[in-house]
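Before any comments, here is the structure.
What follows draws every value from the coordinates through simple rules; no lab data is involved. Since we're looking at a predicted model, the values are computed, not measured. Here Cβ is always computed from backbone atoms with ideal geometry, including for glycine, and neighbour counts include all displayed protein chains.
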Amino acid sequence: MSPTLIGEGEQASLAQHGMWITERMGCGGRVYHMPLAVRFDGPLDVDRLQAACRDVVRAHPQLAAALGERDGEVRLVPAAVPPPIGFEDASGFEDAGYEAGELVDRETSLPLDLGAGPAARFTVFRLAPERHLLVFVAHHAVFDGMSKDILVRDLAAAYAGRPVPALPLTHGEITERENARVAELLGEAAEFWRDRWNDRQDLRLPGLSGVSIRAAAGEAVDFALPADLAVAADKLGVTRFELVLAAVHTLLAAYGNEDAAVAVDLSTRTEETRDHIGLFVNELPVPAPAPAGRFADFARAVRDELRATYRFRQVPLARAVGGVSPRTALTPVSVSYRRRDASAPEFPGVAASVEWMAFNQAVRGTLHLQVVDAPDGVAARLQFNPLVLSRSGCESVAEHLLALLRAVAAAPDADVADLPLPAVVEPSFGRVEEPSASARGGAADAVPYAAEVGEIWREVLGMPEIGPDEDLFDLGGHSLSITQIIAKVRERMDVELSFDVFFDDPTINGIAAEVARLREEA
Amino acid sequence: MRERVAELVAKASGGDLAVADILAAECSLPALGLTSIAYLRLIDMLETEFDCDVDLDGGHLDTLDGLVEHIAGQRK
């Protein structure tokens, strides 16, 4: 894949840039596909629904956008291929023993193309004359959890013949304001994260045989959180999200993990962007003190930590600190929590029910807890990588979490020591060392092109001295540095670097060796 | 086996796609017009005929050759 060279375009947001790089390095794929399914019972007007889909795409240009790099910058342009809005007659499909869920899985597995489009796709399936299924799948770079609510709301409005409201800002304006805020906070954020961020890849969990922070095929364990979660949170003086996060930290500590950070998805939406479909999420790590004393006090300590982080919610961690390589999960264990206040959407003449948590069959790291808190219940899902965590291990984690939350709900004043906690898990595997590029010997001048590549690195990173085997990410490099290096190497050395080399060997010597290899091939 | 898989693709498509076109296609099966429903039918047919497991997760299974390779690997 060579970068798409494009003309004019708005600047992509920092989050989009990071996701684009991760995708180009071959670490994204299905984990970034976000499915949503709506079932319709009754006489659905398919033409009208498809027209409504077109209206929504028109109102939300992100869905019809593509990302392309030019001169080291990632920009948004209209996609060559806009989102397809298809129809398939699947009458008799369910009688033949298939389930609608299989259609959702299939649609989710279809490729999305951030470079040329489509970044999203709609398909209406007719299951029976009066039963239909709409499957929508979007790339996370142009969509997020809250976008689901906006999409369904605007689809319902358009289907009912109401206009979809125009958005107050263009994406370019949003990105400009966001970048200005980030630039202002960057120094403080670096200070904030210095003592808090510790890139630990060790982990103890029941049934664990390894650790992953890379996207992989995933499986899921679904369960419902206690109905009295809200009451318990109120009594503790924290939100439901803070209570769940405190419980996850308590469990991790009980398993024997010291100083574990849990990455959480924080919304970066503002009053101005609340109605925009797009990517408005930043994943940030939340550490916690060792759980001790009253659980209520511990939960409030977690709350304080989270609140402190909110100030920097728009600053990507990789921009503030060094050593964060592009990845799909910052930490092996992560949590996302979404409140859904919206009532059920009304499509005139038909009954619509939305599958808000359609699963993309992928996981971003080792274990991810997804919680959707809606008026009709708090649904939870543990997504796990079956290559490193067994299903029974994941089920144990779900049971432990439930037992803990139930006990907290029953006795909000309890001490941590009096709560039902699992036993310490012995580490089940040795520490896995990443193969280090610096293990390779040889002087800098032994590698051809190292001098030229080194000059580019010094310019991009703004550093006078860089060792030939120093790791780009340890030096504070991030996704922008990668695109800038690729652009400068293209311009000066007439070689198109792949993104993979930044994953395999992100050093001056590594890049120089790749340049030599590509020159030889040419 | 390539011809047989192409025949099953044609059958799964309910006759919308011709065997010759499938064999000659340089694009993916969805791009050729294979619908999601036809794809699920195809997977069932392949699993029955070749007594194998076809994993739905892989995007590489969207081409005829990808499918043939996957089935051949499963049968070892």
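Name the shape class, rounded, prolate or oblate, that the alpha-carbon gyration tensor gives for the range A:223-312, where a ≥ b ≥ c are the square roots of its eigenvalues, rounded holds for a/c under 1.5, and otherwise prolate holds if a/b is larger than b/c and oblate otherwise.
Because a/c hits 1.5 or more and a/b exceeds b/c, the range A:223-312 counts as prolate.
Average projected area of the Cα convex hull of the range A:320-366, in nm²?
With the hull built on Cα positions only, its mean projection is 5.9 nm².
Does a label point 7 Å from the Cα of A:Glu271, set along Cα-to-beta-carbon, have any residues of the range A:138-174 with amide nitrogen under 16 Å, and which are they?
Inside the label zone: A:168-169.
Taking the convex hull of the Cα atoms, report for the range A:481-522 its projected area averaged over all directions, in nm².
The Cα convex hull of the range A:481-522, projected and averaged over all directions, gives 2.6 nm².
For an R0 of 51 angstrom, estimate the FRET efficiency from the Cβ-Cβ distance between A:Asp234 and B:Ala72 and round to the nearest 0.05.
Once the sixth-power term is evaluated, E becomes 0.30.
Calculate how steeply helix B:2-12 sits against the longest principal axis of the alpha-carbon atoms of chain B, using the helix alpha-carbon long axis, and give the answer as 0 to 90 degrees to the nearest 10.
So the inclination is approximately 60 degrees.
Treat the range A:40-120 as a sphere of radius equal to its Kirkwood radius over Cα pairs and apply Stokes-Einstein at 4 °C in a medium of 1.567 mPa s; give the translational diffusion coefficient in µm²/s, rounded to a whole number.
It comes out at roughly 86 µm²/s.
What nm value, rounded to one decimal, do you get for the distance between A:Arg58 and A:Phe223 when each label is placed 7 Å out toward the C-beta?
For the pair A:Arg58/A:Phe223, the computed spacing is 4.8 nm.
For chain B, what value does the Rg/Rh ratio take when both radii are computed over Cα atoms and Rh is the Kirkwood radius, given to two decimals?
Rg/Rh for chain B comes to 0.91.
Note the full-extension length gain between A:Glu459 and A:Leu402 as 0.36 nm times their separation in residues minus their Cα-Cα distance, in nm to one decimal.
15.3 nm
Calculate the FRET efficiency for A:Ala451 and A:Asp45 from the Cβ-Cβ distance with a Förster distance of 60 Å, rounded to the nearest 0.05.
Efficiency at R0 = 60 Å is approximately 0.35.
So, in nm, how far is label A:Glu184 from label A:Glu520 when the simple model puts each one 7 Å beyond its Cα toward the Cβ?
Between A:Glu184 and A:Glu520, the label points sit 5.3 nm apart.
In sequence order, what are the phi-derived ³J(HN,Hα) couplings for the range A:355-362 according to the Karplus relation 6.51 cos²θ - 1.76 cosθ + 1.60 with θ = phi - 60°, rounded to whole Hz, with x for glycine and proline?
Result, rounded to whole Hz: 8, 6, 10, 3, 9, 8, 6, 9.
Considering amide H positions built from the backbone, and no H for Pro or chain starts, which residues 5 or more places from A:Val286, or on another chain, come under 5 Å of its amide H?
So A:Val286 has HN proximity to A:Val262, A:Ala263, A:Val264.
Which FRET efficiency value, to the nearest 0.05, is calculated for A:Ala411 and A:Asp304 with the Förster distance at 22 angstrom and r the Cβ-Cβ distance?
Step by step, r from the Cβ atoms, then E = 0.45.
Could you give the distance between the Cα centres of the range A:69-84 and the range A:352-399, to the whole Å?
The range A:69-84 and the range A:352-399 have Cα centres spaced 32 Å from each other.
Run lengths n ≥ 4 of DSSP H only: what is the helix-derived mean residue ellipticity at 222 nm for chain A, with -39500 (n - 2.57) per run over all residues, to the nearest 500?
-11000 deg cm²/dmol
Under a 5 Å amide H to amide H cut-off, with H placed in plane at 1.01 Å, what residues pair with A:Glu88 once short-range neighbours are removed?
A:Val124, A:Phe125, A:Arg126
Provide the per-residue ³J(HN,Hα) series for the range A:63-74, in order, calculated from phi with Karplus coefficients 6.51, -1.76, 1.60 and θ = phi - 60°, each as a whole number of Hz, with x at glycine and proline positions.
Each residue of the range A:63-74 in turn: 5, 9, 9, 10, 10, x, 9, 8, 6, x, 10, 9 Hz.
Report, in deg cm²/dmol and to the nearest 500, the calculated mean residue ellipticity at 222 nm for chain B, where each DSSP H run with n ≥ 4 adds -39500 (n - 2.57) and the sum is divided by the residue count.
Using -39500 (n - 2.57) per qualifying helix, the result is -17500 deg cm²/dmol.
Output ³J(HN,Hα) for the range A:187-193: one whole-Hz value per residue in order, computed from phi by the Karplus curve 6.51 cos²θ - 1.76 cosθ + 1.60 with θ = phi - 60°, and x for Gly and Pro.
Whole-Hz 3J(HN,Hα) from phi for the range A:187-193: x, 4, 5, 4, 4, 4, 7.
Counting pairwise Cα distances across chain A, what percent come out greater than 36 angstrom?
36
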